[in-house]
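The values are calculated or read from the model by the stated rules, or taken from the named source; none is laboratory data. Fair warning: this is a prediction, and the values are worked out from it, not measured in the lab. All Cβ positions, glycine included, derive from the backbone under ideal geometry; neighbour counts span all protein chains shown. Accessible surface is based on the protein model in full, side chains and every heavy atom, while ligands, DNA and RNA are left aside. Shrake-Rupley method; radii C 1.70, N 1.55, O 1.52, S 1.80 Å.
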Amino acid sequence: MQNEPEVAVLRLGHRPGRDERMTTHVGLTARALGADRAILAGDASKSQGTVEDITDRFGGPFDVELTDSPKAVIRDWEGQVVHLTMYGERVQDVEGDVREAHGDGDSILAVVGSQKVSFDVYEEADYNVGVTNQPHSEVAGLAVFLDRLFEGRELDREWTDADQTVIPKATGKKVVPSDEE
């Protein structure tokens, strides 16, 4: 979010053909719910392209990049590393501490897995955070975490350089060129 320390989302792992949709949704959720950028591990260029296309059409700022070294991203992160896992501490028990660290100037790297996450990720993380401690989608866990981090402020975000704008309606759909809003 603008004028706040950076929040980035790292998607660990990407299996081409199998994870395209999920990786894309991690990037889109990160963008829509207040993160500044997404870092996608592996050969996720299709997902990167989709997220960049949505950002071009519906506004930013938001960046998406690829990495071949996700563990180096975690190791070298200057700020708090929050690994989102169903095995972590309950989000409601640690969200205040994470929010306070962010408010005190620490950037946040939210890490979400794909296939089995290696134990060193758990050890490197400052927080291992569980949303429900039940099996669920990493996209759902990311959405809940970002909403709790930003306390709903992300829902009022202003988007810049958008080509299209969604007009909220009770029924139906309306998307207009941004200059017609």
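Points worth noting:
- Condition met for D68 (open to solvent by 50 Å² or more (accessible area, probe 1.4 Å), farther than 24 Å from G141 by Cβ and more than 14 Å from the chain's Cα centre (by Cα)): yes
- L146, sole failed condition from (1) free of Cβ contacts under 8 Å to residues at least 60 places away in the same chain; (2) assigned to a helix (DSSP H, G or I); (3) crowded, with 19+ Cβ neighbours inside 10 Å; (4) not polar (S, T, N, Q): (1)
- Residue match in the stretch 129-145 (condition: of a type in the set (F, W, Y) and touching a helix residue (DSSP H, G or I) at 6+ places or on another chain (Cβ under 7 Å)): yes
- Screening M1 on (1) open to solvent by less than 40 Å² (accessible area, probe 1.4 Å); (2) under 16 Å from F150 (Cβ atoms); (3) more than 11 Å from the chain's Cα centre (by Cα); (4) modelled with pLDDT of 95 or more shows it passes everything except condition (4).
- Candidates D104, D76, D43 - the one that is over 19 Å from P5 (Cβ atoms) and more than 14 Å from the chain's Cα centre (by Cα): D43
- Boolean, V98 is surrounded by 21 or more Cβ atoms within 10 Å (Cβ to Cβ), under 14 Å from the mean Cα position of the chain (by Cα), under 29 Å from T160 (Cβ atoms) and of a type in the set (A, V, I, L, M): no
- Inspection of the stretch 21-36 identifies at least one residue that is of a type in the set (A, V, I, L, M) and not in a helix (DSSP H, G or I).
- Extreme residue, most open to solvent (accessible area, probe 1.4 Å), among residues of the stretch 118-143 that are among the aliphatic types (A, V, I, L, M) and outside any strand (DSSP E or B): A140
Residues checked against (1) surrounded by fewer than 20 Cβ atoms within 10 Å (Cβ to Cβ); (2) modelled with pLDDT under 95:
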residue: A8; (1), (2): no, no
residue: E20; (1), (2): yes, yes
residue: A38; (1), (2): no, no
residue: D43; (1), (2): yes, yes
residue: V73; (1), (2): yes, no
residue: E89; (1), (2): yes, no
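- Test: residue in the stretch 152-160 that is part of a loop (DSSP other than H, G, I, E, B), without any contact (Cβ under 8 Å) to a residue 12 or more places away in the chain and open to solvent by less than 40 Å² (accessible area, probe 1.4 Å): yes
- The helices (runs of 4 or more DSSP H) found wholly in the stretch 38-117 and carrying at least 1 residues that are among the β-branched types (V, I, T) and in contact (Cβ under 8 Å) with a residue 40 or more places away in the chain occupy 70-76, 91-103.
- Residue match in the stretch 109-123 (condition: out of contact with any Asp or Glu (no Cβ under 6 Å at 6 or more places or on another chain), within 25 Å of G59 (Cβ to Cβ) and among the hydrophobic types (A, V, I, L, M, F, W, C)): yes
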